Amino acid sequence: MTTKTLATLGAAALLAGAAALPAQAQWQPDKPINIIVPWSAGGSTDQVTRIVAPILEEALGTPVVVVNQPGASGSIGTKAALDAPRDGYTWTANAIANNATYSVTGLVEDTSIEDYHIYLHVANVPVVSVNEDAPYEDFGALLEAMKEPEKVTVGTAGVNSSGGMAMAALAEAAEGELGARMVTYDGGAPAVMAAASGEVMATTQLAVEQTEMIKAGKIRPLAVLSDQPLEIEGLDPIPPITNWMPDMPIAPDYFGVFIPMGAPQEVYDTVDKVWAEHVMNSDILKSYAVERGAVFAPSYGDAALEKAMPVVIAEACARVTRGEAVVDPSEIGIDCPEGM
């Protein structure tokens, strides 16, 4: 089912939305809700947000509009959401580790994950893929080439994106020996398209952003940043990165939508109920995950934060290790393990 079809179905259900709202809920929005996606259209965050938005729209009985506002590794759109009135009508969407760590790198000042009420839907994994004409048949061969200065170009959505963080993790696991050059784009979709067209040789963006180009034979997946093979409907399993880097730390990368704190409590109570009763049981979201290589993993509130803290800690503390931090993670409540 296409995104356009899903949006049409969601709009058609608006009149029934009030009846779908749980009886205990107090908040019934009377104007559209905007979800700011701080990346370009077609990327991982945009894709899944456009799947979830119609589900929310139907349950809440009001339009839920996805607004793309890319730039500066997702920080521009994120700041716009934080600067908007805290009335419950402006949300944002992202990988949770981004929202939790923007202040560590100085991209968004004076913010932390405590600024949001959290709603997670899927976990995503980066995949290392190369252009169809690249000479590398497995990740081991590509890794050797990546150690040579400027020999391999890798398309990502920037240092703060999942693809950029994957590059940094690979360099760290290789003990800083990678000479590959990262080329940045405004989102995961254009980064993947650059690899498919041959503008760059490889990409480390998320599986959900690469699936169509992999199925079309435009790029070849060599490894998934996981300790288990990745199975995507219609494709051969993608081998885990631990086949070549057995000690590489792995943490699931959770994505979701986030409502800035400061709105009336009834907003969060209502969306909690909608998330539990509609998103956490959504067959449409489950199908998206299976088809795209994501993990269906909805949660919200404290349970969501607990689930996501391993990737939040890993990414915040890795920035310290790599000298990218301008704010110590401890200042925003993230304690790095000894030795990091």
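Checking every one of the GluC sites (Glu not before Pro) in segment 210-266 against DSSP loop status and a limit of 16 other Cβ atoms within 10 Å picks out Glu231, Glu233. Taking GluC sites (Glu not before Pro) across segment 90-132, the ones in a DSSP loop with at most 16 further Cβ atoms lying within 10 angstrom of their Cβ are Glu109, Glu132. Extension gain, Glu231-Lys151: 0.36 nm per intervening residue step, less the Cα-Cα distance, totals 25.8 nm.
From the alpha carbon centroid of segment 252-317 to that of segment 21-93 is 13 Å. Take every DSSP beta bridge whose two residues both sit in the chain; close to 60 percent of them are antiparallel.
Net length available on complete extension from Asp83 to Asp30 is 17.0 nm, with 0.36 nm assigned per residue and the Cα-Cα distance removed. Computed extension gain for Asn243 through Glu137, at 0.36 nm per residue and net of the alpha carbon distance, reaches 36.7 nm.
For segment 286-325, just say rounded, prolate or oblate: build the C-alpha gyration tensor, square-root its eigenvalues into a ≥ b ≥ c, call rounded for a/c under 1.5, and beyond that prolate if a/b exceeds b/c, oblate if not. Cα axes put segment 286-325 in the oblate bin. Considering only Val65, Thr111, Ala196, and ranking their Cα positions along the charge dipole of segment 65-209 that arises from unit charges at the beta-carbon of Lys, Arg, Asp and Glu, the one farthest toward the positive end is Val65.
Under a model in which nothing but the beta-carbon of Lys, Arg (+1) and Asp, Glu (-1) is charged, the chain shows a dipole of about 840 debye around its Cα centre. Surface composition of the chain: carbon and sulfur make up 51 percent of the accessible area, probe 1.4 Å. The alpha-carbon of Lys307 sits under 17 angstrom from the alpha-carbons of these aspartates and glutamates, leaving out residues fewer than 8 places away in its chain: Glu114, Asp253, Asp272, Glu315, Asp335.
In the full protein context, segment 71-226 carries 33 Å² of accessible surface per residue, based on a 1.4 Å probe and ignoring ligands, DNA and RNA.
Helical content alone sets the calculated 222 nm signal of the chain at -11500 deg cm²/dmol, taking -39,500 (n - 2.57) per DSSP H segment of four or more residues and averaging over every residue.
The percentage of C-alpha pairs in segment 222-340 whose separation is greater than 19 Å is 63%. Computed 3J(HN,Hα) for segment 99-109, one whole-Hz value per residue from the Karplus formula 6.51 cos²θ - 1.76 cosθ + 1.60 where θ = phi - 60°, is 4, 6, 10, 4, 6, 4, 9, x, 6, 10, 7, glycine and proline marked x.
The values are calculated or read from the model by the stated rules, or taken from the named source; none is laboratory data. All values derive from a computational prediction rather than experimental measurement. Here Cβ is always computed from backbone atoms with ideal geometry, including for glycine, and neighbour counts include all displayed protein chains. The area values use the complete protein model at the heavy-atom level, side chains included, leaving out ligands, DNA and RNA. Shrake-Rupley method; radii C 1.70, N 1.55, O 1.52, S 1.80 Å.
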